[in-house]
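None of the figures in this text is laboratory data; all of them are computed from the coordinates on show. The shown structure was predicted, so the numbers you read here are calculated from the model rather than taken from an experiment. With ideal geometry, Cβ positions are generated from the backbone for all residues, glycine too; neighbour counts draw on all protein chains shown.
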Amino acid sequence: MATLFETELREQPAVLARLLREGRSAAEAIAERLRGRKLSFAVLAARGSSDNAARYAQYLLGIQNGLVAALATPSAFTHYGARPSLEGALVLGISQSGQSPDIVEVLREGRRQGAFTLALTNETDSPLASAAEAVFPLLAGQEHAVAATKTYTAQTLAVAMLSAALKGGEQPWSELADVPDLAASAIDRSAAPARTAERLREHSRLVVVGRGYNLSTAFEITLKVKETTGVMADGYSSADFLHGPKAILERNLPVLAVAPGPRVFDDLDSLVRLTREKGAPLVVISDRRELLEQADIAMPLPAMPEWLSPIVAVIPGQLFALGLSLARGMQPDAPPGLSKVTHTR
């Protein structure tokens, strides 16, 4: 019998198709309202998996829309009682449940200061939705597994749809239309996850690396592995890893590299070569044949535009976490000490 984690993981193509079909008008209406504001920057408030969707938004809004974006520091608003200026900002709260008080407080303060506040959430009657000036529903359906899958990819797609609407024109939407099929292909290409991950079941550590848009993917895969397997995983930019942490690399430390094409990051390729030289186990998520051929565990991706790759590239990582969890005798639907909704201040 499939776990809830796997069932919801495999629902992702349908969830993404529904959000594209039913959410475009909402994205375009929000973009139209934003065009009437003089935006100087964006502040992104989130926790957990949603924080990794916010990392994607940092890159996307900056590269595609020319908008400097920064992750919020919610404790500055809650524990320290500070009121940083949010004048001219888009204050974007991203949360599956919309329940975390510290994320809600960032949006409340943004609204008090006259900033445009937007909630991306699966729960349109949540405190976060109530605090925001505008709401972009994720339409993911109820998610039962503790470890987020479909709500995470819905968040990243919602961010991409907002970016496309702000940019204007039909080309971004034409590329977005392929995302559900690309997600289904990624699932089909990463078959038998438990058998694939079996060879790493005795390892208690893992390094996950990515770069550019897919730094967010590396961090999200790291979180999924931590939540479901009991493995101490660490996520890095490949550039940051070479600036010191590479000293820990040795033959008993597996490395998972997230490297969708077509852009080549020299530091990421250098880290793959270093991993091979050290004799460390290597897992690769990519559509680049030369990288996949070097891997002990190759998780191939279909080719896609780089700006959309984080929505799809995370899926083999979810399957890897599922497989490693089952191979280690864990129960991915009931991670020790975790609950579906976490309230932080």
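Taking Cα atoms, how many degrees apart are the long axis of helix 179-189 and the longest axis of the chain, rounded to 10 and kept between 0 and 90? Result, in degrees: 20.
Which FRET efficiency value, to the nearest 0.05, is calculated for Ser270 and Gln64 with the Förster distance at 30 angstrom and r the Cβ-Cβ distance? Spell out each step's value before the answer.
Numbers: r = 27 Å, r/R0 = 0.91.
Efficiency, rounded to the nearest 0.05: 0.65.
Spacing of the modelled spin labels on Arg201 and Glu175, each 7 Å from Cα toward Cβ, amounts to 4.1 nm.
With each label modelled as a point 7 angstrom along the Cα→C-beta vector, the Lys167-Met232 pair spans 4.1 nm. Of all lysines in the structure, those lying under 16 Å Cα to Cα from Lys246, and not within fewer than 8 positions of it along the same chain, are Lys278. Between Gln113 and Lys38, the contour length at 0.36 nm per residue exceeds the Cα-Cα span by 25.6 nm. Applying the Karplus relation 6.51 cos²θ - 1.76 cosθ + 1.60 with θ = phi - 60° to segment 77-83 yields 3J(HN,Hα) values of 7, 8, 5, 9, x, 7, 10 Hz, where x marks Gly and Pro.
The long axis of helix 49-65 is offset from the longest Cα principal axis of the chain by roughly 70 degrees. Result for the chain in a Gaussian network model with C-alpha springs under 10 Å: among Ala303, Ala327, Ala53, the largest mean-square fluctuation is at Ala303. Note on the chain: with a GNM built from Cα contacts shorter than 10 Å, the maximum mean-square fluctuation among Tyr56, Tyr80, Tyr213 falls on Tyr80. Taken one residue at a time, the phi angles of segment 12-18 give Karplus couplings (6.51, -1.76, 1.60, θ = phi - 60°) of 4, x, 5, 5, 5, 4, 5 Hz. Gly and Pro are set to x. How many angstrom lie between the C-alpha centres of segment 83-142 and segment 212-231? Here the two parts' Cα centres lie 24 Å apart. For Rg/Rh (Cα atoms, Kirkwood Rh), the candidate list reads (1) 0.96; (2) 0.98; (3) 1.07; the entry that matches the value derived from this model is (1).
Between 0 and 90 degrees, the angle of helix 101-112 with respect to the longest Cα principal axis of the chain falls at about 40 degrees.
Compute the relative contact order of the chain as a whole-number percentage, counting only Cα pairs closer than 8 Å that sit 6 or more residues apart in sequence. Let's see the in-between values first.
Details: 703 pairs, mean separation 70.0, N = 345.
Rounded, it is 20 percent for the chain.
Between amide H atoms placed 1.01 Å from N, distances below 5 Å from Phe116 occur with Ala89, Val91, all of them 5 or more places distant or on a separate chain.
Using a Gaussian network model of the chain with C-alpha springs under 10 Å, which one of Ser75, Ser126, Ser174 is most mobile by mean-square fluctuation? Result: Ser174 has the largest fluctuation of those listed.
Once backbone amide H atoms are built at 1.01 Å from N, Leu71 has Leu44 as its partners under 5 Å, excluding neighbours fewer than 5 places away on the same chain.
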